[in-house]
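Peer 1: Pasting a structure here, questions to come.
The values are calculated or read from the model by the stated rules, or taken from the named source; none is laboratory data. The shown structure was predicted, so the numbers you read here are calculated from the model rather than taken from an experiment. Note: ideal-geometry Cβ built from the backbone for every residue, glycine included; neighbour counts use all protein chains shown.
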Amino acid sequence: MKKKSKLPLKKRPKTSKQQKRSNEQDKLLVEKAKENPKEYEALYRKYADDVYNYIWYRVGHDKFTSEDLMQDVFVNAFEHLPKFRQRGYSYRTYLLTIARNILANHFRNQPFVVSLEDLADVPDEVTLDQLVSRKLESEGLWRAVQNLSVNERDAVLMFYRSEMPVKDIAAVMGKTPNAVKIILSRARNKLKDHPYLEDMERFAWQDRVCTKPRFLGKNDQ
């Protein structure tokens, strides 16, 4: 019988230096964009996939809606760029916070109903290089994640797939770091029969074509 691995709370120790480097890069990109708004496209290119994939999970894998709401996120961030101040979080954290608020408004206006069958299939990109047995395990994990509450699913996907620090997840969700740890612990208990949480890093559309940013049109008008 295969021994199932534990699901640790701590990530492998690689995020601190990389995160600091990325935050410094974001700071420079923001400063350049404030001087020349067209430079904001660099931040769009850096984070469009992250924002798109976050939204994609929440809207039932609807690519058109995901793209539309992703553009709304960047338009919102672009319009507030002059007032943006770095507060110790990555720019991605800031964007996902906006995305979460936009999704809340979206679902308030358009109640979301989708069957589990519509959410069950793992994208081919996730499992192309995996053995059949690992593919089946990934599909089981995929279905189990969809059964989590919205907060649990958000926290698990940001922590395991996007490798975000707990403090950044707390900022996106508007909760304390301790509250996020409790949510993660509760989610891990529900996913205890699915050992390969690292497969969540692949739950994304890696090959999506980067579309023209809508905010540039607003600046050119």
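Peer 1: For residues that are of a type in the set (S, T, N, Q) and not in a helix (DSSP H, G or I), scanning just the range 32-90, find the one that is farthest from Q146 (Cα to Cα).
Peer 2: Our first condition is that a residue be of a type in the set (S, T, N, Q); within the range 32-90, this holds for 36, 53, 65-66, 71, 76, 86, 90.
Narrowing the set further to residues that are not in a helix (DSSP H, G or I) leaves 36, 86, 90.
Numbers: N36: 41, Q86: 33, S90: 27 Å.
Top of the filtered list is N36.
Peer 1: Right, next: Looking at the range 140-153, can you tell me whether even one residue there is farther than 18 Å from T97 by Cα, assigned to a loop (DSSP other than H, G, I, E, B), at pLDDT 70 or above and aliphatic (A, V, I, L, M)?
Peer 2: Scanning the range 140-153, I find at least one residue that is farther than 18 Å from T97 by Cα, assigned to a loop (DSSP other than H, G, I, E, B), at pLDDT 70 or above and aliphatic (A, V, I, L, M), so the answer is yes.
Peer 1: In addition: Exactly one condition in (1) in a helix (DSSP H, G or I); (2) at pLDDT below 80; (3) buried (at least 16 other Cβ atoms within 10 Å of the Cβ) is false for Q130; which is it?
Peer 2: (1)
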